[in-house]
Structure formats: C-alpha cells, structure tokens
Amino acid sequence: MFLNLILLSTLCFNSFHRRQHGHTLLLHSVASCHDDEMMAAAPSYTTSNGNAIEELQYSPIIASQGNTAKFMLAWPSIATFTLVQGWNHETTQQLKKSVEEVVRRNPILSGRATMTDFFHTKISIVPGDNGENNGDFFHEIKLDEAALSAISNMNLSSMNETDILHFMDDFLAPVVPKTLSTYESIQQKAPLFGVDIIQLPNNYACYVMTLSHCVGDGVTYYNVMDEIHREMNQLNSHKDLVWSHPDIANHEVFPDRFSPRDASISYGFPFFLGLLKNFVNMKKQQKSYIILDKNKVRDKKDDLLALGDEVHLSDNDVITAALCEASSSSDIFAYTMNMRKRHSHFGGNFHHEIPFSRNRATDPRAFRNIVKNGFYFDTNELPICPFVLGKVGRISSIASVQKLIKPAAMDRIVCHAMLSSFCENVPLDTAFIISMNDEAYVILHNFRELDLGYGSISELQCHH
C-alpha cells in the first residue's frame, strides 16, 4: 500500500500534458507506429471456426498512454471467485482446454508487460508465441487434508449468502496467489491473465479468473470469460476480441466535456492532496459486503416505473441511488461508463469515469438521467474542494457486464463475487455491484460512513 502511494505521488507531481484531440491514446499498436518489420513477421493463426485472426494482434501493444494511465500502475488486477455446484475432474479438464484455446486466439493474454516510458506511462505488452508461457495461465489448486475434511462436514447448500461469502473468504481466498498491481507485474515479469480451479468435496468447485488492468477493464474481463464459456460449451457464436483498432487508438481517456482544468482536478494535484488526507484511513479501511434481494430491487424499480415518469430503469439505477442515499463520506461519486458503442468486443481499457454529485443521485430516476446524458458536470464546472478534501468515491456496476462460465453439466452458480479478503489497493469509498446468484446482488465496498438502516438500502437488503 505504502509503495503504491509513493508511486502515485511521483506520478501526480509529474506535469499533465495539455489535452488535445486524439492525444490521449488508450490502446495503441506499436506496429502501426514504428515496427513494420515486427508486424510483417507476426505469425498467422486461425480461430476454431476457421476465421483468420488479424496479424496485428500478435504484435506488441502499448497500453494506456493517456493521463489516467499514471494511476494504472497502482491498480490491482481484476479477480473474481465463482463457487459452483455440479463440477468434477472431467469438467476441470474441459475448462483447461477451453482456457488454452482462448489464450491461443488471444495471445496478448499470455504476454508480459514492460515499462517503455515511466514518465509517460507507456506499458508494452508483448504477446507470447503459441505455446510460450504455456501453463502459466491455468492452475489446479489442491486443498490440504485438514481443509478438505472441514469442508466435507459443511452443508454448503443450507448456507445463506453471508455465510457463503465468509466460507469463501476463510477457505478459498487464502490458497489463491494474491493479485499484483500493474507495477508489480512489470517488476516481477508476472503473468497478466490466469484461471485457477479449486475442486471441493461433494461436487463443488470454485474457479478464479484474474486479469491485469493493463490488459483490460471489467468489460474486457467478462468478454474473455464469455469466450471461455462459449468454447467450453462448443458454441460457435463467439466473437473474437479486438485488441487493435482505430476506435481504440483514438479513444479519449477523459469524457468529452472535460477541459484540461477538469482533468487536472480529477487526476492531478488536487486529487493527490485528497489521497494524502486519506492515507491513514486507507491503512485502516474496512471492506464489507451488502447483500441485496433481487426481487426487492425489481419491486422497487417497478414501483417507480408505475409512476410514469420514466420509460426505463435498471436494477443498477436503484442500487446506485440507494448507495448514494446511505453513504455520507463522499460528496462526489464517479460511475464507470462503457465506451464500446461501436464494437462490444474491444479489448483493453475502454471506459470513462463520469463524476456526479452524490446528493443529486439519491433518486434512481435522477441517476438514470445522468447515465442517459453521459455527464453531470459541464465543462469547467467540476468542483475542486471534494477532490482536495478526499471526499470523492466510485461506484462500479460489474453486474451490468457480467458473463460467467457455465458448463452444460453444472448444476448452479452458488456465488460469484469479489472477495473482501482478496482485494487490495482499492481506493476509499469504492463499491462494486455484482450479481451474486439468481437470488441476490452482493456489493463489496469500503465506504467510511454508511448507514444501512437509512433509506432504500434498508428495504432492499436480504435479511436472514
């Protein structure tokens, strides 16, 4: 944590370049810039359905040249745990073969990252050749006899959602290698992608997928997971991920309405002062779960739609508004807007973080209007005080992009979640909204001030 704060301080004090059209490149091919020989020498492969893969995918890429990439170095990898029922050794072998095939089609997943320019945060990811680094990205984890014996005596099917999460924190998270930040992955030349499988007694299992944030964001993460799912179930309707494309190269890291002033407030010196103010709190942060009943969320949504003011509301609108209503430690939240409007299968980090006033988003209909407009603060209207005072948070809805691996022979998803014991380097006042199973949402958060007995959040929770 302290190393990452030092890293962030170095990057924050590094002066921001004046933002110009096309200047902040999120994902850009080295070959398209200055490496024609490497591009020409790239191997040619075909997908399982016979489609040719673009040779450009097999050239190195430079990830995140934009200003926000200065903070990517401290970002942890994305990792989720999925506990399933109805899984055996044969299913594990099918998963292994499917992961290998998806990596073969997307060799960037077998690559390693190197820093090519520290002060401009250019990270080159060199894909592995077919077979290179083989075995690094799939592992079967064996539990010791004591853990297996203890789990054998548990009745997982009778546990409620809270008990299941505590079980996963206590028994599963400790046996999985901890995730690394982008900077740590560069220093250790570590894999940027991996799938671990833990076979449990009574035909239960847990698969864990990890993806470095320098390779992609949450949408990329679940697109990769969806590719594994489709390969495992022999579905031919998959779409190859696109890792190099003009739309990606021209993507602006900041929202269109951001001026250089807005960018410097959000990611520059004012934000750094807020980090310093919260440093003590960051070391003491408590990560907790909130379990919401899906039926209660949908009933709330239906009640609001019946008023006739809105033609559309999502579960995410209801949940985000409830969090804004119950949390009082931040004045501004940012939500993550997916920018894949032209192509749903762009790889890389392809999103904006849109800041908005917490007090103005406590009604789901108000938050829906913010999402629909794509902005809340207009150019040069972003207030500086919340950033300086460290009263800025983030709410990210993973549930809206979630796609899981579901083998045909599997009985059910028991729990899909990010685990509190496994998440590190998470900024303060952050919440991740995840679809846990068919019955519940789970919110992993580290809010400093949250009143679960106030407002809508108290009505939506599962009560066991």
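The values are calculated or read from the model by the stated rules, or taken from the named source; none is laboratory data. Because the structure is predicted, anything quoted here is derived from the model rather than measured. Virtual Cβ from ideal backbone geometry, glycine too; neighbours counted across all protein chains shown.
Can you confirm whether the range 383-398 contains a residue that is among the charged types (D, E, K, R), touching a helix residue (DSSP H, G or I) at 6+ places or on another chain (Cβ under 7 Å) and not in a loop (DSSP other than H, G, I, E, B)?
Within the range 383-398 (the criterion being among the charged types (D, E, K, R), touching a helix residue (DSSP H, G or I) at 6+ places or on another chain (Cβ under 7 Å) and not in a loop (DSSP other than H, G, I, E, B)), the answer is no, since none of the residues qualifies.
Here are some residues: Tyr289, Tyr267. Which one is at pLDDT below 85, under 30 Å from Arg340 (Cβ atoms) and of a type in the set (Phe, Trp, Tyr)?
None of the others qualify; the one that does is Tyr267.
Checking the condition among the aliphatic types (A, V, I, L, M), at pLDDT below 95 and farther than 23 Å from Glu439 by Cα, which residue from Val126, Val195 passes?
Val126
I'd like the residue in the range 331-378 that is without any contact (Cβ under 8 Å) to a residue 12 or more places away in the chain and in a helix (DSSP H, G or I) and, out of all such residues, is farthest from Ile125 (Cα to Cα).
Per the stated criteria, the residue is Asn369.
Conditions (1) closer than 17 Å to Phe346 by Cβ; (2) touching a Gly at 6+ places or on another chain (Cβ under 7 Å); (3) in a helix (DSSP H, G or I), marked per residue:
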site: Pro177; (1), (2), (3): no, no, no
site: Ser185; (1), (2), (3): no, no, yes
site: Ala190; (1), (2), (3): no, no, no
site: Asp196; (1), (2), (3): no, no, no
site: Tyr207; (1), (2), (3): no, no, no
site: Thr210; (1), (2), (3): no, yes, no
site: His213; (1), (2), (3): yes, no, no
site: Val219; (1), (2), (3): yes, no, yes
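For the range 299-322, give me each residue that is exposed (fewer than 13 other Cβ atoms within 10 Å of the Cβ) and modelled with pLDDT of 85 or more.
Asp302, Asp303, Ala306, Leu307, His312, listed by residue number.
In the range 271-279, is there at least one residue being at pLDDT 85 or above, part of a helix (DSSP H, G or I) and in the same structural domain as Val103 (by TED's automatic domain parsing)?
no
Please specify each residue of the range 350-368 satisfying the condition of being farther than 24 Å from Ser458 by Cα and either buried (at least 18 other Cβ atoms within 10 Å of the Cβ) or over 21 Å from the mean Cα position of the chain (by Cα) (or both).
The answer is Phe350, His351, His352, Ile354, Pro355.
Which one of these is modelled with pLDDT under 95, over 19 Å from the mean Cα position of the chain (by Cα) and not basic (Lys, Arg): Ser212, Ser244?
Being modelled with pLDDT under 95, over 19 Å from the mean Cα position of the chain (by Cα) and not basic (Lys, Arg) holds for just one of Ser212, Ser244, which is Ser244.
Somewhere in the range 422-441, is a residue in contact with a helix residue (DSSP H, G or I) (Cβ under 8 Å, 6 or more places away or on another chain), part of a loop (DSSP other than H, G, I, E, B), aliphatic (A, V, I, L, M) and surrounded by fewer than 18 Cβ atoms within 10 Å (Cβ to Cβ)?
Checked the range 422-441: no residue is in contact with a helix residue (DSSP H, G or I) (Cβ under 8 Å, 6 or more places away or on another chain), part of a loop (DSSP other than H, G, I, E, B), aliphatic (A, V, I, L, M) and surrounded by fewer than 18 Cβ atoms within 10 Å (Cβ to Cβ).
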